[in-house]
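The values are calculated or read from the model by the stated rules, or taken from the named source; none is laboratory data. Just so you know, these numbers come straight off a predicted model, no measurement behind them. Ideal geometry is used to build each Cβ from the backbone, glycine not excepted, and the neighbour counts take in all protein chains shown.
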Amino acid sequence: MKTLLSGNEAIARGAYEAGVRFGTGYPGTPSTEILEAFATYKDVIAEWAPNEKVALEVGFGAAVGGRRTFVTMKHVGLNVAADPLFSAAYAGVNAGLVIISADDPGMHSSQNEQDNRHFARAAKIPLLEPSSSQEAKEFMKLAFELSEHFDIPVLVRLTTRISHSKTVCTLDEPQHEDLKPYRKNPMKNVLLPAYARPRHHVLEETLKKLADYGNKAFQINAIDVGSSDVGIITSGIAYQYSKEAIPEASFLKLGLSYPLPQKLIRYFAQMVKRLYIVEELEPFLEEQIRAMGIEVHGGKDIIPITGELNVERVAGAFRSREPGLVASEGTDRKIEVSVPDRPPTLCPGCGHRGVMYVLHKLHLTVTGDIGCYTLGALPPLKAMDTCLCMGASVSMAYGMEVAHGEKMARKTVAVIGDSTFIHSGITALTNIVYNQGVSTIIILDNHTTAMTGHQGHPGTGKNLTRQHAPEFDFKKLCEAIGVRRVRVVDPYNLEETETVVKEELSADETSVIIAAAPCVLEKKIIQGPPEKVILEKCTKCGVCFQLGCAGVGMENGEVVIDDLLCTGCTLCEQVCTFDAVIPLTEEGDHE
């Protein structure tokens with residue numbers, strides 16, 4: 001049976017066909033849909049974990065216990081999971097363990113565009129890079145075979161374009177995978193220094209065997225013979241771009257791109273007169289191939305090291321070097337389209353908007369975090385000063401306090417979402433309490449993981465499959481770790497929010513404000529009737545525009561509110577000092 005699958009859907013299907021019945025991870029674009037797709041299959045367990053480190057540790061426990069398992073995350077999530085990753089390589093597995101890292105070249109939805117191929121090399125585990133949905137499905141099955149045969153975790157690296165583009169896949173029947181017995185083996189699984197030292201030697205020998213395997217695995221590391229003048233070594237989606245841009249070249253497409261199949265690479269290099277390396281982001285392949293003493297005619301000197309590649313960028317890189325081989329059609333098309341600017345913004349009626357408006361109004365220093373509320377950094381709200389990584393807002397607020405003392409703490413707040421707080425904000429808050437800081441933290445509780453598509457988390461009362469789960473109590477948790485000042489506010493009430501923020505900033509101890517308001521998209525919330533502008537009263541002062549709501553705009557020189565977008569949150573009514581904004585139902589009374 002053939003069907004169209006995205007790369008993410010194909011990964012889920014490949015796991016299912018491999019007999020996998022357990023998957024875990026943490027949501028993050030571009031990886032999120034993998035577990036969501038996997039959850040649609042019968043008799044499987046699919047779970048969101050509080051963070052990637054926990055997910056990998058759970059996955060490792062399941063694999064050691066005898067069940068094939070895969071763990072999903074976006075590229076920066078692997079940073080969080082790095083601690084168990086490196087040690088799991090020493091211990092090895094029992095049943096197969098596969099980790100999927102979905103990288104984001106071009107930073108479409110990420111704070112950096114790190115190249116996680118380096119993780120495979122640093123952790124000394126095999127790396128598979130599919131170049132299509134079909135390969136994504138097949139490589140998942142292969143990954144479990146390699147993991148069990150070589151007793152090692154396997155990293156499968158996707159990129160945004162592989163994750164989200166769809167290609168035709170041939171589906172196979174899922175195989176039945178028996179639960180492997182768990183056998184006690186402390187010398188393998190307990191990484192005391194005395195036990196871990198010999199495991200390191202085992203790991204090095206395993207890598208040699210994997211490299212030898214890669215030299216012979218022509219269905220994974222494939223040579224496509226073309227012109228003997230030009231050869232291109234590439235992997236992943238870069239193969240598709242290169243093949244379209246320079247179709248007549250010879251190609252060595254590396255599916256198992258770490259450890260490198262050195263014998264195969266040397267063989268291919270001897271086949272061609274000029275050798276090029278085409279890869280997205282870092283010169284991962286290029287540096288290793290040059291270190292082998294092989295002459296590379298072109299790599300990062302012609303291929304950009306930043307941003308996402310495409311056919312046009314690859315063709316442009318080769319046009320001056322190999323003009324006779326560059327495809328003449330379809331590689332240099334420029335389509336002139338006039339599209340109005342649509343900067344990202346908080347949704348109309350979003351509960352985060354009121355908090356951001358108040359923080360901007362009070363001229364506070366705001367350490368921010370990862371989530372929808374990061375958009376509060378953009379004009380016109382301009383209410384965020386920093387955003388580093390998940391959970392860093394809480395730690396950085398205390399760092400500001402340490403740097404400048406309590407005077408700075410009186411002007412600084414951290415903002416962090418509910419899912420992010422559970423992910424990595426709890427320990428940071430514990431640090432402030434333990435060290436007797438006076439920082440103020442605002443937890444923006446919209447009761448979902450909104451930015452990645454409304455996934456559940458321990459604070460939502462729903463698991464990945466939307467079944468009931470125990471619901472995390474933020475107030476009780478903060479009190480339990482020693483925060484004595486915990487306030488809950490309605491972020492749609494600007495006066496209350498501003499008052500509470502001022503009071504907590506003046507406190508002589510750690511304080512937490514919980515701004516609780518469900519996501520308007522998740523709950524389809526309409527707070528009240530749409531608002532309307534009374535033109536006779538409107539002075540066009542522009543204060544309502546400072547909210548940054550897409551529902552408020554200008555039409556024929558007049559301020560208007562789009563009643564199709566307005567959720568009746570009343571924020572524009574609250575900021576208007578001329579009583580020019582009223583609920584639409586009151587229009588008749590006004591007239």
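Quick look at the values:
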{"item": "Residue 298, sole failed condition from (1) touching a Phe, Trp or Tyr at 6+ places or on another chain (Cβ under 6 Å); (2) assigned by TED's automatic domain parsing to the domain that holds residue 430", "result": "(2)"}
{"item": "Residue list for segment 532-580, restricted to those being of a type in the set (Val, Ile, Thr) and assigned to a strand (DSSP E or B)", "result": "533, 552, 559, 560, 561"}
{"item": "Number of positions in segment 26-58 that are within 18 Å of residue 452 (Cα to Cα), without any contact (Cβ under 8 Å) to a residue 60 or more places away in the chain and under 16 Å from the mean Cα position of the chain (by Cα)", "result": "3"}
{"item": "Criterion: assigned by TED's automatic domain parsing to the domain that holds residue 441 and in contact (Cβ under 8 Å) with a residue 12 or more places away in the chain - qualifying residue of 377, 392", "result": "392"}
{"item": "Some residue of segment 102-113 being among the aliphatic types (A, V, I, L, M), surrounded by 24 or more Cβ atoms within 10 Å (Cβ to Cβ) and either on the phi > 0 side of the Ramachandran plot or assigned to a strand (DSSP E or B) (or both)", "result": "yes"}
{"item": "Test: residue in segment 33-42 that is surrounded by fewer than 24 Cβ atoms within 10 Å (Cβ to Cβ) and hydroxyl-bearing (Ser, Thr, Tyr)", "result": "yes"}
{"item": "Helices (runs of 4 or more DSSP H) fully within segment 220-335 counting 1 or more residues that are touching a Lys or Arg at 6+ places or on another chain (Cβ under 7 Å), in contact (Cβ under 8 Å) with a residue 40 or more places away in the chain and within 24 Å of residue 155 (Cβ to Cβ)", "result": "237-245, 284-291"}
{"item": "Those helices (runs of 4 or more DSSP H) lying entirely in segment 389-470 with at least 3 residues closer than 16 Å to residue 374 by Cβ", "result": "392-404"}
{"item": "Identity of the residue in segment 435-455, over 30 Å from residue 466 (Cβ atoms) and out of contact with any strand residue (DSSP E or B) (no Cβ under 6 Å at 6 or more places or on another chain), that ends up surrounded by the most Cβ atoms within 10 Å (Cβ to Cβ)", "result": "439"}
{"item": "Options 476, 462: the member that is among the basic types (Lys, Arg), more than 22 Å from residue 431 (Cβ to Cβ) and either surrounded by 15 or more Cβ atoms within 10 Å (Cβ to Cβ) or modelled with pLDDT of 90 or more (or both)", "result": "462"}
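Here is a yes/no grid of residues against (1) of a type in the set (Val, Ile, Thr); (2) at pLDDT below 95:
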{"position": "529", "(1), (2)": "no, yes"}
{"position": "533", "(1), (2)": "yes, no"}
{"position": "550", "(1), (2)": "no, yes"}
{"position": "553", "(1), (2)": "no, yes"}
{"position": "559", "(1), (2)": "yes, no"}
{"position": "565", "(1), (2)": "no, yes"}
{"position": "571", "(1), (2)": "no, no"}
{"position": "583", "(1), (2)": "no, yes"}
{"position": "589", "(1), (2)": "no, yes"}
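Yes/no matrix, rows are residues, columns are (1) surrounded by 15 or more Cβ atoms within 10 Å (Cβ to Cβ); (2) among the charged types (D, E, K, R); (3) within 30 Å of residue 402 (Cα to Cα); (4) in contact (Cβ under 8 Å) with a residue 60 or more places away in the chain:
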{"residue": "488", "(1), (2), (3), (4)": "no, no, yes, no"}
{"residue": "496", "(1), (2), (3), (4)": "yes, yes, yes, no"}
{"residue": "499", "(1), (2), (3), (4)": "no, no, yes, no"}
{"residue": "512", "(1), (2), (3), (4)": "yes, no, yes, yes"}
{"residue": "534", "(1), (2), (3), (4)": "yes, no, no, no"}
{"residue": "554", "(1), (2), (3), (4)": "no, no, no, no"}
{"residue": "563", "(1), (2), (3), (4)": "no, yes, no, no"}
{"residue": "569", "(1), (2), (3), (4)": "yes, no, no, yes"}
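The rows are residues; the columns are (1) crowded, with 18+ Cβ neighbours inside 10 Å; (2) farther than 23 Å from residue 11 by Cα; (3) within 32 Å of the chain's Cα centre (by Cα); (4) aromatic (Phe, Trp, Tyr).
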| residue | (1), (2), (3), (4) |
| --- | --- |
| 200 | no, yes, yes, no |
| 205 | no, yes, no, no |
| 210 | yes, no, yes, no |
| 221 | yes, no, yes, no |
| 245 | yes, yes, yes, no |
| 249 | yes, yes, no, no |
| 256 | yes, no, yes, no |
| 264 | yes, yes, no, no |
